[in-house]
Amino acid sequence: MPLELTAADVARMRAVNQLLPAGPARTIAATASWMLAVQAQDYTASKWVIGSRTHGSVRDRDIEVALERREIVRSWPLRGTLHITAAADLGWMLELAAARPLRSAKTRQESLGLPLPTLERSAELTHEILADGRILARDAFLTELADQGIDGSGQRGAHLIGYLAQTFVICLGPRVGKQHGIVLAESWLPPTPRLSREEALHRLALGYVRGHGPVDAADLAWWAMLLKSEATAAMASIQEELEEFDYDGRTVAVLKDSPALVPEMITEGRRSMTALGAFDELILGYRDRQPNLSDEHFELVVPGKNGMFLRTLQHGGRIRGTWRTDPKSASGAAVVPFDTLTADERTGFERALAEHARFVSAQ
């Protein structure tokens, strides 16, 4: 491996470290642990983020089962945004990274009539409402809070739930009807040891570089909404475990035992073709997305830069086009390539789309 990387090198290495093609992780929980956190505002898409990176014949319903079995969990650990994590990781990640998003939300909360004393009162009531293992749908939970004098109508409901989740009072449990159930986090999740801030930063950096490298401190700071000084210190804490490279005038790193440094995986990474879901970590996992998605193609993935990321196709870590379901098509999908695809790419993407179809099928 040369000491200086090209954009194609970085893209390919990121794909391999993101288990594209599916790498060492063998179970749904192991995949979630390897990735550390995957954005899950779009719940359907987030299930495929995990499914596309997991060995074996895993299906959409298997992700639901893993959530029901408390192996993985959906909550708001990073950037004030929904993510799926391994169940054992949620507590320390929230303690480390939730403070800044909560501070950012304070002004808006107060404008909605949710000052801190009201939020703290809602936490007290939540412990009573969800005691003894109760699981309530979102609407039912907010109704019971309202009965106790906490108004969760309109946008207040989202802010109440966000506050309670980011302070580790609640997390999302199994579905109740069409809504995710709300449960008490400490009773739902397995007990985990408390970490010092230094230990948590070390673990965060290690997990992020493992599942996303090559990256630098700026990528980590953006991904976890950390201060740049904190991200720099976190990267420094794992310095002895890093293999560093030059890329575009800066230093980026992977772990020394990264699969992206294994010759066989280098070859697999170049061949890798996957149908990615919306909001996939291969795009969202970095401050610098340029190696994976060129600026000229960005608006083809995020039309009008409206924050809505379309489903994409990746080859060797590079985003080559978008796709959508199309029942009228023989393959069940319509592909919109950025440029002409080779015959091998068309075959590879057809195979990838068939794998997604199998994932979402009931059989």
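Quick look at the numbers
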quantity	calculated
Residues of the stretch 141-158 that turn out to be more than 26 Å from the chain's Cα centre (by Cα), crowded, with 17+ Cβ neighbours inside 10 Å and among the small types (Gly, Ala, Ser), as a count	1
Leu204 vs. criteria more than 24 Å from Glu64 (Cβ to Cβ), open to solvent by 10 Å² or more (accessible area, probe 1.4 Å), out of contact with any His (no Cβ under 7 Å at 6 or more places or on another chain) and modelled with pLDDT of 95 or more	no
Which listed residue is under 21 Å from the mean Cα position of the chain (by Cα) and under 30 Å from Ala236 (Cα atoms), from Gly307, Gly316	Gly316
Residue tally, condition in contact (Cβ under 8 Å) with a residue 24 or more places away in the chain, farther than 21 Å from Thr44 by Cα, touching a helix residue (DSSP H, G or I) at 6+ places or on another chain (Cβ under 8 Å) and not in a loop (DSSP other than H, G, I, E, B), over the stretch 283-335	3
Failed condition for Glu345, given (1) within 25 Å of the chain's Cα centre (by Cα); (2) at pLDDT below 95; (3) charged (D, E, K, R)	(1)
Selected residue [of a type outside the set (A, V, I, L, M), in contact with a strand residue (DSSP E or B) (Cβ under 8 Å, 6 or more places away or on another chain) and surrounded by fewer than 21 Cβ atoms within 10 Å (Cβ to Cβ)] from Pro303, Pro337	Pro337
Residues that are touching a residue at least 40 places away in the same chain (Cβ under 8 Å) and open to solvent by 40 Å² or more (accessible area, probe 1.4 Å), drawn from the stretch 340-363	Arg351, Glu355, Arg358, Val360, Ser361, Ala362
Flag if Pro2 is open to solvent by 30 Å² or more (accessible area, probe 1.4 Å), within 20 Å of Asp216 (Cβ to Cβ) and modelled with pLDDT under 95	yes
Positions within the stretch 51-68 being surrounded by 16 or more Cβ atoms within 10 Å (Cβ to Cβ) and within 19 Å of Trp188 (Cβ to Cβ), in sequence order	Ile63, Ala66, Leu67
Residue within the stretch 107-116 that is within 26 Å of Ser46 (Cβ to Cβ) and touching a Gly at 6+ places or on another chain (Cβ under 7 Å) present	no
Unique match (being open to solvent by 10 Å² or more (accessible area, probe 1.4 Å), among the polar types (S, T, N, Q) and modelled with pLDDT of 95 or more) among Ser46, Ser33	Ser33
Condition check for Pro190: touching a helix residue (DSSP H, G or I) at 6+ places or on another chain (Cβ under 7 Å) and closer than 30 Å to Ile266 by Cβ	no
Residues located in the stretch 75-134, provided they are basic (Lys, Arg), touching a residue at least 60 places away in the same chain (Cβ under 8 Å) and in a helix (DSSP H, G or I)	Arg100
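Conditions tested, residue by residue: (1) modelled with pLDDT of 95 or more; (2) open to solvent by 50 Å² or more (accessible area, probe 1.4 Å); (3) not aromatic (Phe, Trp, Tyr).
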{"site": "Ser75", "(1), (2), (3)": "yes, no, yes"}
{"site": "Leu82", "(1), (2), (3)": "yes, no, yes"}
{"site": "Leu96", "(1), (2), (3)": "yes, no, yes"}
{"site": "Lys106", "(1), (2), (3)": "yes, yes, yes"}
{"site": "Leu112", "(1), (2), (3)": "yes, no, yes"}
{"site": "Val176", "(1), (2), (3)": "no, yes, yes"}
{"site": "Leu184", "(1), (2), (3)": "yes, no, yes"}
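Listed here are the residues, each with its yes/no results for (1) under 15 Å from the mean Cα position of the chain (by Cα); (2) in contact (Cβ under 8 Å) with a residue 40 or more places away in the chain.
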{"site": "Lys178", "(1), (2)": "no, no"}
{"site": "Gly181", "(1), (2)": "no, yes"}
{"site": "Ala185", "(1), (2)": "no, yes"}
{"site": "Trp188", "(1), (2)": "no, yes"}
{"site": "Glu198", "(1), (2)": "no, no"}
{"site": "Leu204", "(1), (2)": "yes, yes"}
{"site": "Val215", "(1), (2)": "no, yes"}
{"site": "Trp222", "(1), (2)": "yes, yes"}
{"site": "Met225", "(1), (2)": "yes, yes"}
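The values are calculated or read from the model by the stated rules, or taken from the named source; none is laboratory data. Everything numeric in this text was worked out from a predicted model, so none of it was measured. As a convention, Cβ positions derive from the backbone with ideal geometry for all residues, glycine included, and neighbour counts pool all protein chains shown. Surface areas here come from the heavy atoms of the whole protein model, side chains and all, with no ligands, DNA or RNA. Shrake-Rupley method; radii C 1.70, N 1.55, O 1.52, S 1.80 Å.
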